[in-house]
Amino acid sequence: MIKQRNITLIVVHCTASRCTSNLTPEALDSMHKRQGFAECGYHYYITKDGTIHHMRDITHVGAHAKGYNTPSIGVAYEGGLDASGHAADTRTDAQKQSLETLLRFLLLTYHGAKICGHRDLSPDLNHNGTIEPCEYIKQCPCFCVSVEYGYLMKNDE
């Protein structure tokens, strides 16, 4: 019998790798294992060519967003840093298309789940109900997920 998880959140990440380098799925998995994880912390990984790689079994709790792993699925794209190492939206057109396709699939599979960026899980330090850029713990995923993909959740209601 397959263990089911109650998925309420889909968290989008970047790998914080430079757009001028390549990070293979195998290298990402090895990097996470060196950090002490049993396997890659993300469930899905999208490389620059738009290929969606299944990294961690969906029945396994991820290791990608501390405090939010149990009810979530982690999706990461290759990149997030420009050639100089600064945070930037480096997604290729192929990555954007694949990310949208994957998010649509996950929302159909986990009806009612919400999509957010990793940075959107930062604490609301001034308690105004909005996570603002000055409150981000990380820039990840280096673009505003709710602006770009919020319409997908409206279609899910």
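The values are calculated or read from the model by the stated rules, or taken from the named source; none is laboratory data. Note that the structure is a prediction, hence the values are computed from the model and not measured. Note: ideal-geometry Cβ built from the backbone for every residue, glycine included; neighbour counts use all protein chains shown.
Only one of the numbered conditions (1) surrounded by fewer than 19 Cβ atoms within 10 Å (Cβ to Cβ); (2) in contact (Cβ under 8 Å) with a residue 60 or more places away in the chain; (3) within 19 Å of Y42 (Cα to Cα) is violated by G112, and that is (3).
Inspection of segment 129-151 identifies at least one residue that is closer than 24 Å to N6 by Cβ, modelled with pLDDT under 95, assigned to a helix (DSSP H, G or I) and more than 13 Å from the chain's Cα centre (by Cα). On the stretch given as segment 16-36, residues that are more than 21 Å from R119 (Cβ to Cβ) and part of a loop (DSSP other than H, G, I, E, B) total 5.
Would you confirm, using the coordinates I've provided, whether G50 is over 15 Å from the mean Cα position of the chain (by Cα) and assigned to a loop (DSSP other than H, G, I, E, B)? In short, no. Restricting S30, S98, S72 to residues that are of a type in the set (G, A, S) and out of contact with any strand residue (DSSP E or B) (no Cβ under 9 Å at 6 or more places or on another chain) narrows the list to S30. Residues in segment 105-128 that are within 17 Å of Q4 (Cβ to Cβ) and among the small types (G, A, S): G112, A113. Could you tell me whether E100 is over 14 Å from Y44 (Cβ atoms) and surrounded by 13 or more Cβ atoms within 10 Å (Cβ to Cβ)? For E100, the condition - over 14 Å from Y44 (Cβ atoms) and surrounded by 13 or more Cβ atoms within 10 Å (Cβ to Cβ) - is not met.
This table checks each residue for (1) within 17 Å of K96 (Cα to Cα); (2) touching a strand residue (DSSP E or B) at 6+ places or on another chain (Cβ under 7 Å); (3) β-branched (V, I, T); (4) buried (at least 23 other Cβ atoms within 10 Å of the Cβ).
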| site | (1), (2), (3), (4) |
| --- | --- |
| L9 | no, yes, no, no |
| G50 | yes, no, no, no |
| D57 | no, no, no, no |
| G67 | no, no, no, no |
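Quick one: would you say A94 is in contact with a Ser or Thr (Cβ under 9 Å, 6 or more places away or on another chain), assigned to a helix (DSSP H, G or I) and either closer than 19 Å to P25 by Cβ or at pLDDT 95 or above (or both)? Yes; evaluated as a whole, the condition is true for this residue. Note down all Cβ pairs under 9 Å where the first residue falls in segment 48-62 and is at positive phi, the second is assigned to a loop (DSSP other than H, G, I, E, B) and β-branched (V, I, T), and they're at least six residues apart or on different chains. Once the first residue is at positive phi and sits in segment 48-62, its partners that are assigned to a loop (DSSP other than H, G, I, E, B) and β-branched (V, I, T) give G50/T92. For first residues located in segment 95-109 and under 15 Å from I73 (Cα atoms) and among the basic types (K, R), partners that are surrounded by 14 or more Cβ atoms within 10 Å (Cβ to Cβ) and at pLDDT below 95 and lie 6+ apart or on another chain with Cβ distances below 9 Å form the pairs R104/L152.
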